[in-house]
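The structure appears below as structure tokens.
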Amino acid sequence: MTSRVATLNPKVEQVLKSFKLSREELMLVIRNMRKEMEMGLSRKGQKEASVRMLPTFVRSRPNGKEQGSFVALDLGGTNFRVLLVTFCSQTEGGMKLVNQTYSIPQEVMQGRGIQLFDHIVDCVAKFLSNQNITERLPLGFTFSFPCNQISLDQAILLNWTKGFNVPDCVGKDVVQLLREAIQRRKDLDLEVVALTNDTVGTMMSVAYQDLKCEIGLIVGTGTNACYMEQMKNIEKLDGDLGEMCINMEWGAFGQGEQYSLAKIVNEFDKLVDQQSLHPGKQIFEKMISGKFLGAIVQNVLLNLKEKGCIFQGIQTSKLKQQDIIKTKTMSQIESDSGDLLDVKSILEDLGLPCGIEDCTVVQAVCLAVSQRAAQLCGAGLAAVLERMRENRGVDHMKITVGVDGTLYKSHPHFSQILKDTVKDLAAKCEVHFHQSKDSSGVGAALVAASTRAS
Ligand code: BGC
């Protein structure tokens, strides 16, 4: 791969350079992220902080004693999932899980609240009827958007992200919206007991198997992290005893002015931001997550086409087609480590027939964009790890990070670059990345179960 990159046209090299991050730049990302985290936790700074550091009211992790059956919902990625989770003792087989995925049409993702919540509850009703469940069950709701939680079952939606935009829900308690939708149907008997973010759900579901898991990380359609923070460090909350999981909402990092990403954001990031559903928001997320990487690549390719470096004989309008390059396509393109014939046929299938030289450029662009994404994600994680290590006053910290998201799981290099970056930037932390096998919905069920135990 290196030799191919070395022979690229200088104009292409120039563009790719704008995606290269020096170690100093990554260290700056860590410093700024840590300042934002501090601000987000403070009483005074919380309003200005772009990293909101939201209390989750999750104060402990699973202890293996969870019992009973729970319905869990998982909303926030590309699909909506309904689960039936049953926790039993290890001798009885531990956890049992049945789940079903449903799609959410774009007009529902960007329509009115009543439509969205009725659609969700409709899917739940279908699922329960398929499973022949009629008894009243407690429900845990994984809702992967920033919410101001007042308790486990009160969560005011702050704003939408990713591909969702249902304006009349903003400022409302989403648990209440779900309860009202359940009541609108006379045939459902469910008790909504807890709402969690997907990062929290992932941390909890991994912690069920690995007690060292104290961080949850998502790198999928969006990106975010949560971690266990000592109560005494959460200035904006009363009480000094014990710990609480903080949903960082790090995707919003960079949208503030004080500790920004301004030195790193390039012209292509700006274009992707302008073209997005929520311009000016979620800057860090737009440089890292699956919903946006394909669009960055597309903008770079368009620029190279305009400069005459690539795709001679292909109409520019073809390359302007929305979402022509998906992050999934990048994974496929980057998986070709041989003669690039796979890349050639992928591009042909997209209606972009070209020679091997163009394939070299396209692959180099994809590699540059995904490498930067993984490095930035690694820098964010290093900021969290170093904060936790310093708070504990230890020189060496061993910890597990529970991870979920298709970019992490399916991209050929992302997870390795992320791990290498963390190793370099948080050298005193020994990190075990534990890929979550279950949906973060299981974590919501675990949180729901914790409300029964106490
Ligand atoms: C949301 C987070 C979520 C993340 C990953 C972001 O857009 O704001 O709440 O955890 O996506 O799904």
message: Could you sort Arg52, Arg184, Arg136, Arg389 by their accessible area in this structure, using a 1.4 Å probe and putting the largest first?
response: Arg136, Arg184, Arg52, Arg389
- line: The extension gain from Gln312 to Arg452, computed as 0.36 nm times the residue separation minus the Cα-Cα distance, is 44.0 nm
task: Averaging over all projection directions, find the projected area of the Cα convex hull of the chain and quote it in nm² with one decimal place.
output: 22.2 nm²
- line: For the chain, the longest principal axis of the Cα atoms and the Cα long axis of helix 290-306 enclose an angle in degrees, to the nearest 10, of 10 degrees
- prompt: For His432 and Leu97, what is the calculated FRET efficiency with R₀ set at 22 Å and r taken between the beta-carbons, to the nearest 0.05?
  reply: 0.40
statement: Residue-ordered couplings for segment 147-161, obtained by feeding phi - 60° into the Karplus form 6.51 cos²θ - 1.76 cosθ + 1.60 and rounding to whole Hz (Gly and Pro as x), are 10, 8, 8, 9, 7, 4, 10, 9, 8, 8, 5, 8, 6, 8, 9
- prompt: Under 18 Å from the 7 Å Cα→Cβ point of Lys47, by amide nitrogen: which residues of segment 206-245?
  reply: 235-237
query: Taking a 27 Å limit on the Cα-Cα distance, which of the listed pairs Lys212/Lys270; Lys212/Lys281; Lys162/Lys409; Lys281/Lys320 fall beyond it?
result: Lys212/Lys270; Lys212/Lys281
- prompt: Going by accessible area, probe 1.4 Å, with all protein chains left in place, what is the ranking of His278, His396, largest first?
  reply: His396, His278
- prompt: What is the spin-label model distance, in nm, from Lys11 to Gln416 if the labels are put 7 Å beyond Cα along the C-beta direction?
  reply: 3.3 nm
message: Compute the helix-to-body angle for 174-184: its Cα long axis versus the longest principal axis of the chain, expressed 0 to 90° and rounded to tens.
response: 60 degrees
- prompt: For segment 57-196, what % of the accessible area comes from carbon and sulfur atoms, probe 1.4 Å?
  reply: 45 percent
- prompt: If you place +1 on the Cβ of every Lys and Arg, -1 on the Cβ of every Asp and Glu, and leave all else neutral, what size is the dipole of segment 43-176 about its Cα centre, to the nearest 20 Debye?
  reply: 540 debye
Taking the C-alpha atoms of segment 100-154, convex hull volume expressed per residue in Å³: 112 Å³
message: With +1 assigned to the C-beta of every Lys and Arg and -1 to the C-beta of every Asp and Glu, and no other charges, what is the dipole magnitude of the chain about the Cα centre in debye, to the nearest 20?
response: 420 debye
statement: Along segment 126-138, Karplus-curve 3J(HN,Hα) (6.51, -1.76, 1.60; θ = phi - 60°) to the nearest Hz, with x for Gly and Pro, reads 4, 4, 5, 5, 4, 8, 6, 9, 10, 6, 6, 10, x
statement: Full extension between Gln106 and Asp187 adds, at 0.36 nm per residue less the Cα distance, a length in nm of 26.5 nm
field: Degrees separating the helix 356-392 axis from the principal Cα axis of the chain, which is the longest one
entry: 40 degrees
task: Could you tell me what fraction of 2.2 N^0.38 Å the Cα radius of gyration of segment 57-196 comes to, as a two-decimal ratio?
output: 1.06
- prompt: Using the beta-carbon distance between Lys236 and Glu390 and R0 = 22 Å, what value does 1/(1 + (r/R0)^6) give for FRET efficiency, to the nearest 0.05?
  reply: 0.65
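The values are calculated or read from the model by the stated rules, or taken from the named source; none is laboratory data. Since the structure is predicted, the reported quantities are computational estimates derived from the model, not experimental observations. Positions of Cβ are backbone-derived with ideal geometry, glycine not excepted, and every protein chain shown enters the neighbour counts. Calculation scope for accessible area: heavy atoms of the full protein, side chains included, ligands and nucleic acids excluded. Shrake-Rupley method; radii C 1.70, N 1.55, O 1.52, S 1.80 Å.
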